[in-house]
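The structure appears right after this line, and notes come after that.
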Amino acid sequence: MINIVIGNNDDTVRPKRVPDCLKCDYFKVSWDNSFPRSCSIFEIKSKTMPSADVLSATGLHCPAFKLKKTLK
């Protein structure tokens, strides 16, 4: 379950905490041993979960999270 917070001065919707990449439709497993996790939206490969990289780079939790259809 993802908690949603409405922004202060705008109508953007942002998750309150880091989304679980394993449940995201855009999460992929990379065959690169150095960077085994990837995100097809942001086109990044990572040693950690891509959502953690998005948070560290932007200061915001991943805005692109989309729950996999098989998990609904």
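Okay, here's what the table says:
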{"quantity": "Flag if residue 28 is within 16 Å of residue 69 (Cα to Cα) and either of a type outside the set (Gly, Ala, Ser) or at pLDDT 75 or above (or both)", "calculated": "yes"}
{"quantity": "Condition check for residue 9: in a loop (DSSP other than H, G, I, E, B), at pLDDT below 70 and loosely packed, with under 12 Cβ neighbours inside 10 Å", "calculated": "yes"}
{"quantity": "Leading residue by the ranking (surrounded by the most Cβ atoms within 10 Å (Cβ to Cβ)) among those in the range 45-72 that are hydrophobic (A, V, I, L, M, F, W, C) and outside any loop (DSSP other than H, G, I, E, B)", "calculated": "54"}
{"quantity": "Tally, over the range 19-44, of residues that are touching a Pro at 6+ places or on another chain (Cβ under 8 Å), surrounded by 12 or more Cβ atoms within 10 Å (Cβ to Cβ) and outside any loop (DSSP other than H, G, I, E, B)", "calculated": "6"}
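The values are calculated or read from the model by the stated rules, or taken from the named source; none is laboratory data. What you see is a predicted model; the values in this text were computed from it and never measured. Here the Cβ is made from the backbone with ideal geometry for all residues, glycine too, and neighbour counts use every protein chain on show.
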